[in-house]
Amino acid sequence: MARALVIGGTLFIGRALVEQLLSRGDEVVVMHRGRGTPFDERVGEIQCDRNDATAVKTALDGTRFDVIYDNVYDWTRGTSADQVTAAATATVNGLKRYVFTSSVAVYPAGGDYTEDAALIPSNDPNRYGAQKADTERALFALCRDRGLPVATIRPTFIYGQYNPFEREAYFFDRLVAGRPIIIPGDGLRTIQWVYSKDVARASILASENDAAIGHAYNVANYPPMSQIDFVRLLAKVAGKPADLVNISRERIEELGGGVMAPPYYFGAYLDVPAITARADRVRSELGLTLTSLEDGLRETFAWYEQQQRAKPDFAWEDKALA
């Protein structure tokens with residue numbers, strides 16, 4: 001049984017991770033800004049803003065953990081390399097692994113990328129990707145210079161239960177309502193996915209295998225699929241017909257459709273230049289078998305059907321479709 005700290009363990013990836021750790025019998029402590037968790041007395045808590053580097057070091061110095069899983073990124077303020085390394089360099093007794101959840105956003109658009117590909121620079125306009133890349137560089141420098149036993153996980157777009165982003169649920173809402181779905185342009189731009197449970201599994205495997213120390217792991221269903229094929233797969237698992245309507249990106253932009261903010265026209269952040277990653281290393285070195293996209297989406301839709309969701313506002317889409 002391991003004693004694990006999960007930085008950010010109440011939402012999405014962290015929640016999937018904590019569930020798996022508890023099912024193994026691990027002792028789990030969650031660090032977050034809130035009070036209370038979905039796991040009741042089964043987990044301990046440290047109340048701390050992970051972006052407050054001084055507070056993090058104070059909270060962790062002198063503690064004992066076998067593994068620290070770092071899953072948090074502040075989408076409003078950003079999370080810098082210095083804010084992450086504050087936790088990584090705290091005096092934590094018994095630490096055998098620091099597992100950091102990064103992203104394939106550390107690569108430029110294009111691919112197919114293996115983990116040895118060059119990362120984007122610090123001044124890249126994509127702040128999220130640049131901060132993740134800077135953090136990986138800082139963590140691996142600590143690994144080389146001070147022996148920090150770090151491993152990083154680079155997932156593609158993540159789907160699954162408790163997803164806080166309007167991604168797969170965005171399409172399920174429209175399919176269930178019998179609504180047309182807007183396809184930007186020809187719909188052939190590709191996207192790549194991975195199940196939240198697989199990201200959690202990869203993190204745990206990286207914590208157990210010494211071969212993971214000093215390495216990064218892409219975690220992604222491969223090959224990628226086109227936007228059209230993704231929506232058709234969502235329709236298949238939902239048992240609904242797919243009514244697809246192509247609208248040019250130029251027209252969508254004229255009408256005010258959003259990629260990063262509402263009104264979304266193709267889910268949150270999904271109509272962006274593709275980054276394609278290979279996931280051979282996570283299979284060969286860590287032995288991870290990824291859930292097929294169809295099976296994972298089927299499980300996700302079953303969860304979606306049990307949720308109470310606010311009625312979506314289709315006013316912008318009606319305008320675009322007209």
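Computed from the coordinates by the stated procedures, all read-outs in this text should not be read as laboratory data. These figures come from a predicted structure and were not determined experimentally. Cβ: placed from backbone, ideal geometry, glycine included. Neighbour counts: every protein chain shown.
Structure data summary
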{"read-out": "Whole-Å distance, taken between Cα centres, linking region 120-171 and region 200-220", "value": "14 Å"}
{"read-out": "Signed unit charges on C-beta, dipole axis of the chain, positive-most listed residue 22, 242, 306", "value": "22"}
{"read-out": "Loop-resident sites, region 30-75, for trypsin sites (Lys or Arg not before Pro), counting at most 14 other Cβ within 10 Å (DSSP)", "value": "33, 35"}
{"read-out": "Rounded if a/c under 1.5, otherwise prolate or oblate - region 89-153, Cα gyration tensor axes", "value": "prolate"}
{"read-out": "Dipole moment magnitude, nearest 20 debye, the chain about Cα centre, only Lys, Arg, Asp, Glu C-beta charged", "value": "220 debye"}
{"read-out": "Derived scalar couplings ³J(HN,Hα) [region 155-163; Karplus, 6.51 cos²θ - 1.76 cosθ + 1.60; whole Hz; x for Gly, Pro]", "value": "x, 7, 4, 9, 10, x, 4, 6, 4"}
{"read-out": "Helix-only mean residue ellipticity at 222 nm for the chain, each DSSP H run of n ≥ 4 adding -39500 (n - 2.57), per residue, nearest 500", "value": "-10500 deg cm²/dmol"}
{"read-out": "Overall form of region 47-106 per C-alpha gyration tensor (a/c, 1.5; a/b vs b/c)", "value": "oblate"}
{"read-out": "Theoretical FRET efficiency, 1/(1+(r/R0)^6), r = Cβ-Cβ of residue 298 and residue 128, R0 25 Å, to 0.05", "value": "0.30"}
{"read-out": "Positive-end residue, region 78-141 charge dipole about Cα centroid, Cβ charges, pick of 89, 140, 126", "value": "89"}
{"read-out": "Charge context of residue 279, other residues only, Cβ under 14 angstrom, K/R +1, D/E -1", "value": "-1"}
{"read-out": "Amide H partners (placed H, <5 Å) of residue 45, local residues excluded", "value": "30"}
{"read-out": "Residues in region 122-141 reached by a label modelled at residue 272 [backbone nitrogen below 20 Å; 7 Å Cα→Cβ]", "value": "122-137"}
{"read-out": "Per-pair calculated FRET efficiency, R0 = 25 Å: residue 57 and residue 145 via Cβ, rounded to 0.05", "value": "0.85"}
{"read-out": "Difference of contour (0.36 nm per residue) and Cα-Cα distance, residue 209 to residue 19", "value": "66.4 nm"}
{"read-out": "Alpha-carbon centroid distance for the pair region 237-288 / region 1-58, whole angstrom", "value": "30 Å"}
{"read-out": "Tensor-based shape of region 215-295 (alpha-carbon gyration tensor, a/c under 1.5 rounded, otherwise prolate or oblate)", "value": "oblate"}
{"read-out": "Top positive-direction residue, dipole computed over region 155-232 with Cβ charges, set 180, 206, 190", "value": "180"}
{"read-out": "Most to least packed among 297-305, 169-177 [average Cβ atoms within 10 Å]", "value": "169-177, 297-305"}
{"read-out": "Length gained when the stretch residue 249-residue 315 is fully extended (0.36 nm per residue, less Cα-Cα span)", "value": "21.9 nm"}
